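Engineer: Can you keep this structure in mind? I'll have questions shortly.
Any read-out appearing in this document is the output of simple, stated calculations on the displayed coordinates, not a laboratory observation. Please read these numbers as outputs of a predicted model, since none were measured by experiment. Note that we place each Cβ from the backbone using ideal geometry, even for glycine, and neighbour counts take in every protein chain shown.
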């Protein structure tokens, strides 16, 4: 039996999730034994033509070219797994969704007319069917290996969708919100990082996006009680997963209190 | 055996005697702004002079200005993770040229270094009465009809030094649940020794009550003096004062019937507006015992295994069956947890699942208070009854 062909694609992203794959040092050799690494420009120039059995897609869709290319990738892939906050939620660049892209373009580029870009940064699943979404900014190495193992063996990956609090308690971390009053998005954020930040007495930044049942209004009330201003609450929901629906909705809820929003664009 | 008295040096001698007998001594210590359980070797690692302020959703350490070693309320965790680890390997399987092998032995202490006590047997120092009751409940649950061998082995090997709670927290209600504040033989899990800290200036000492032969043996290793009538009276005073300082109250009369009748109450929807479904309450609850088993494989499929990990009824996938989730809404999950804890548990195991430690209240980021919600349900039921 020939090895399944693996392809790794990049859209609008920082390459950090692809790097997570390259960082699987001990597992890369066994991985290369299980799959044929057919297309992975970040690792090798050698290209094996498609179709591919498994495509990992990093990055969000931000240009008209992306729209065409993601269709091609989908057509060339038997299974398509998106990796990282960009591919699953639009990434940090989805901040454009809350502002005027034409205005950005006119300020940033000398010749904005050469830059073709879309008004929004969207996840891959908004455009083509996706078989599995692996969250995180960046993705977790252990979770990536679990997804790859599952794909190779034809089983469902074991990626919990519950809160980061599960992981804090499992590793014996003292709750930073309750014991220190530190703002933390852990209760509304999906596990996967191993509760890294709270283990160093920092609050969770929400890198893995909303958990399965996110009560963002309740955590926002807690953040306010712990001393955050409305604009700060808005900002904590507008980071790497700003475009994830639950976080997007909660941030919009705080626009009025923060004195910002689409209605006031153009002000400094 | 008659009660004895030791001083702080005597507590160190007790720790030394337990270490000499091969125990990993797990006791309270300050870490990351809270009192946690961890392996200790010295009295200096105990939270000397630390108390705590606890309210719904809030925990802060507070300097007491004295030398008390046990002058605080429930710590961040009970003894639960010691006997019932958050992750446990059940078996590992390996592919071989002609089939496969399964290893289930010698895997049980494959645990993280940062978890309390990497090596059994454990001696637990300073177990509160509420937590003793909780261990008793877990013993019933985990060694009952389908005994958990690894848990049972850890429990049987363990030495327990209980302590009278002198300073209950703002979220404590063990008087309501009948589980404290003073350890008593026959109430909760058995223990070997019970300490009551007597903080008289110039005479900082501990009354030691002996409740097992093993306890008498260990105490025999260290110097102690006979307890006087004044010592006994002082210890009674510590417990009496603690009992009068409960931060919370839970009316338990008819609570089971109340909860069963409240299945359709609007209270659950109200709780759901605040509940984060984060599962902190179940993780800190000393009696919650739900787990998941996860099957793992490596990339090559030559190694497979099954792990048992803590789970929670607040996880959406906890109730995932073919066709969907039985408890999709957060309100239904809180209802499940509270109704099981305070009502169905009684039918299932012959006792309530709540010991009044208050951790679910303190460590809830949304400050949800089970005693308050129970009172609201009771008031609502009374109002319903008063309707013509």
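Engineer: Using a 7 Å offset from the Cα along the Cα-to-Cβ direction at both residue A:36 and residue B:232, what is the distance between the two label points in nm, to one decimal?
Structural biologist: 8.6
Engineer: Rounded, prolate or oblate: which fits the range B:223-367 when a ≥ b ≥ c are the square roots of the eigenvalues of the alpha-carbon gyration tensor, with rounded for a/c under 1.5 and prolate only if a/b beats b/c?
Structural biologist: Since a/c reaches 1.5 but b/c is at least a/b, the shape of the range B:223-367 is classed as oblate.
Engineer: Extending each Cα 7 Å along its Cβ direction at residue B:42 and residue B:386, get the distance between those two points in nm, one decimal.
Structural biologist: That separation, rounded to one decimal, is 6.1 nm.
Engineer: What is the distance in Å between the Cα centres of the range B:337-379 and the range B:124-159?
Structural biologist: 21
Engineer: Taking neighbour Cβ counts within 10 Å as the exposure measure, how do B:357, A:168 sort from fewest upward?
Structural biologist: A:168, B:357
Engineer: R0 = 22 Å: FRET efficiency of residue A:100 with residue A:232, Cβ-based, nearest 0.05?
Structural biologist: Once rounded, the FRET efficiency stands at 0.45.
Engineer: Using only the alpha-carbon atoms, how far is helix A:216-225 inclined from the longest principal axis of chain A? Give it as 0 to 90 degrees, nearest 10.
Structural biologist: Rounded to the nearest ten degrees, it is 40.
Engineer: Give me the percent of DSSP beta bridges within the range B:144-294 that run antiparallel, rounded to the nearest 5.
Structural biologist: Looking only at bridges with both residues in the range B:144-294, the antiparallel portion is about 75 percent.
Engineer: Roughly what % antiparallel, to the nearest 5, for the DSSP beta bridges in chain A?
Structural biologist: Just about 20 percent of them are antiparallel.
Engineer: While we're looking at this one, here's another question. Please arrange A:45, A:224, B:128 by counting, for each residue, the other beta carbons lying within 10 Å of its beta carbon, fewest first.
Structural biologist: A:45, A:224, B:128
Engineer: Something else: Can you show me the helix-derived [θ] at 222 nm for chain B, built from DSSP H runs with n ≥ 4 at -39,500 (n - 2.57) apiece and divided by the number of residues, rounded to the nearest 500.
Structural biologist: For chain B, the value works out to -9000 deg cm²/dmol.
Engineer: Suppose each label sits 7 Å from its Cα in the direction of the beta carbon; what would the residue A:107-residue A:256 distance come out to in nanometres?
Structural biologist: 2.6
Engineer: Grab the beta carbon distance between residue B:351 and residue B:152, set R0 = 30 Å, and tell me the FRET efficiency rounded to 0.05.
Structural biologist: Calculated value: 0.95.
Engineer: Treating the angle as unsigned and between 0 and 90°, give the value, to the nearest 10°, between the Cα long axis of helix A:64-76 and the longest Cα principal axis of chain A.
Structural biologist: For helix A:64-76, the angle is close to 50 degrees.
Engineer: Which ordering of B:273, B:8 is given by a fewest-first count of other beta-carbon atoms within 10 Å?
Structural biologist: Neighbour counts put them in this order, fewest first: B:273, B:8.
Engineer: Out of all DSSP beta bridges in the range A:5-153, what portion is antiparallel? Express it as a percent rounded to 5.
Structural biologist: 10
Engineer: Place a point 7 Å from the Cα of residue A:225 along the Cα-to-Cβ direction; which residues of the range B:51-66 have their backbone N under 12 Å from it?
Structural biologist: Only B:55-59 pass the distance filter.
Engineer: Between the alpha-carbon centers of the range A:125-186 and the range B:186-228, tell me the distance in whole angstrom.
Structural biologist: Centre-to-centre distance over Cα atoms comes out at 47 Å.
Engineer: Relative to the first principal axis of the alpha-carbon coordinates of chain A, what is the inclination of helix A:141-153, with its axis defined by its Cα atoms, in degrees from 0 to 90 and to the nearest 10?
Structural biologist: Helix A:141-153 and the main axis of chain A meet at about 40 degrees.
Engineer: Take the Cβ-Cβ distance between residue A:15 and residue A:45 as r, set R0 to 22 Å, and report the resulting FRET efficiency rounded to the nearest 0.05.
Structural biologist: 0.90
Engineer: Across the residues of B:277-286, average count of Cβ atoms on other protein chains within 10 Å?
Structural biologist: The per-residue average across the peptide is 6.
Engineer: Okay, next question. What shape does the range A:164-259 have by the C-alpha gyration tensor, where a ≥ b ≥ c are the square roots of the eigenvalues, rounded means a/c under 1.5, and otherwise prolate means a/b greater than b/c and oblate the rest?
Structural biologist: oblate
Engineer: Can you tell me how the protein assembly as shown classifies by the Cα gyration tensor, rounded, prolate or oblate, using a/c under 1.5 as the rounded cut?
Structural biologist: prolate
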